[in-house]
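So the structure is just underneath, and the comments pick up after that.
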Amino acid sequence: NIPEKLVIVSTISSPLYKGFDVILKTASIIKNFLRVDFEWKVYGNINPVYVESQIEIKHSDVNVSICGVAKPEELRHALLNCTVYVHPSYIDNSPNSLCEAQILSCSVIATNVGGVSSMVKEGETGYLVPANDPYQMAFAIINLYMDRKLNISIGNNARKEALERHDPHKIISNLFKVYERVMIVK
């Protein structure tokens, strides 16, 4: 259910390595240079004061809404009604928020850090951008916004991949295979 207006969702927390600065920089590019009407909803426990003072961009000036910690149903609704999910972290392994977005058929744009590249197949289930590259992030967001057919295809692919990755029967079966190998080696 992709909205007509560009709606971006992110779920992060306050530590600097979670990338709130990247959100603000990217939002500034989209608003001031690309001149696209959008809303960026940021969920989580975020205190913007320090980051805003360091990069001199206020969230309210660049269409970023700090939504706080959401109840599951509120977050589900936001993800089901957004254009794209953005994961801007500088450090991450296997972010649950990215998995949740994929399972709900969201196209994902994430920074290519840690284990994130094992969860996003470039151009198939989302896009990977370098950490702290708001220009590439803005380009990827606008690309998915402008090409609804591509956005829907990537979201559907992401859901298919995520459901397979998180299939409890497959996880249990693979875990038992590992245990069997370990027992044989001993």
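The values are calculated or read from the model by the stated rules, or taken from the named source; none is laboratory data. Here the structure is a predicted model, which means the values were calculated and not measured. When we count neighbours, we look across all protein chains shown, and the Cβ atoms used for this are built from the backbone with ideal geometry, even at glycine. These accessible areas exclude ligands, DNA and RNA; they are computed on the full protein's heavy atoms, side chains included. Shrake-Rupley method; radii C 1.70, N 1.55, O 1.52, S 1.80 Å.
Identify the GluC sites (Glu not before Pro) of region 12-85 meeting these criteria: DSSP loop state and at most 10 other C-beta atoms within 10 Å of the C-beta.
Glu56
Highest GNM mean-square fluctuation, the chain, Cα pairs closer than 10 Å: which of Cys67, Cys99, Cys82?
Between Cys67, Cys99, Cys82, it is Cys67 that shows the largest mean-square fluctuation.
Could you tell me the center-to-center distance, by alpha carbons, between region 39-82 and region 113-186 in angstrom?
Rounded to whole Å, the Cα centres lie 23 Å apart.
Please sort 85-92, 9-16 by packing, taking for each peptide the average over its residues of neighbouring beta carbons within 10 angstrom, highest first. Spell out each step's value before the answer.
Details: 85-92: 23.0, 9-16: 18.9.
Output ranking for 85-92, 9-16: 85-92, 9-16.
Roll a 1.4 Å probe over the protein chains and send me the accessible area per residue for region 77-186 in Å². Could the numbers behind the result be given before it?
Numbers: 6100 Å² over 110 residues.
So region 77-186 comes to 55 Å² accessible per residue, rounded to a whole number.
Assuming a ≥ b ≥ c are the square roots of the Cα gyration tensor eigenvalues, decide whether region 54-118 counts as rounded (a/c under 1.5), prolate (otherwise, with a/b larger than b/c) or oblate. Display every interim value, and only then the final one.
Details: a/c = 1.93, a/b = 1.11, b/c = 1.74.
Verdict is oblate for region 54-118.
Number of Lys-Lys pairs in the chain under 18 Å by Cα, sequence gap 8 or more or different chains?
Count of close lysine pairs: 16.
For Tyr90, enumerate residues with amide H under 5 Å from its amide H, sequence gap 5+ or separate chain, H modeled in the peptide plane.
For Tyr90, whose amide H was placed from the backbone, the distant partners under 5 Å are Lys18, Gly19.
Using just the alpha carbons, could you tell me how many Å³ per residue the convex hull of region 125-186 encloses? Show your work: numbers first, answer last.
Details: hull volume 6.3 nm³, N = 62.
Value for region 125-186: 101 Å³ per residue.
Give the calculated FRET efficiency between Arg148 and Glu39 to the nearest 0.05, with a Förster radius of 25 Å applied to their Cβ-Cβ distance. It would help to have the intermediate numbers written out before the result.
Values: r = 17 Å, r/R0 = 0.70.
Here the calculated transfer efficiency is 0.90.
Normalized C-alpha radius of gyration of the chain, against 2.2 N^0.38 Å? The partial results should precede the final answer.
Working: Rg = 17.4 Å, N = 186, 2.2 N^0.38 = 16.0 Å.
Ratio of Rg to 2.2 N^0.38 Å for the chain: 1.09.
Could you list which residues have their amide H under 5 Å from that of Val129, counting only those 5 or more apart in sequence or on another chain, with H placed in the peptide plane?
Under 5 Å from the amide H of Val129 lie the amide H atoms of Ala110, Thr111, Asn112, each far enough along the sequence or on another chain.
Pick out, in residue order, every one of the trypsin sites (Lys or Arg not before Pro) in region 49-123 that is DSSP loop and has at most 16 other C-beta atoms within 10 Å; say none if there are none.
Lys58, Lys121
Is the shape of region 83-173 best called rounded, prolate or oblate, per the rule: a/c under 1.5 gives rounded, else a/b larger than b/c gives prolate, else oblate, with a ≥ b ≥ c the square roots of the Cα gyration tensor eigenvalues? Write out the running numbers ahead of the final one.
Numbers: a/c = 2.55, a/b = 1.31, b/c = 1.94.
Oblate, since a/c reaches 1.5 and b/c is not below a/b.
With θ taken as phi - 60° and the coefficients 6.51, -1.76 and 1.60, list the Karplus ³J(HN,Hα) couplings across region 55-64 in order, rounded to whole Hz; mark glycine and proline as x.
Result, rounded to whole Hz: 9, 6, 10, 8, 4, 5, 7, 10, 6, 9.
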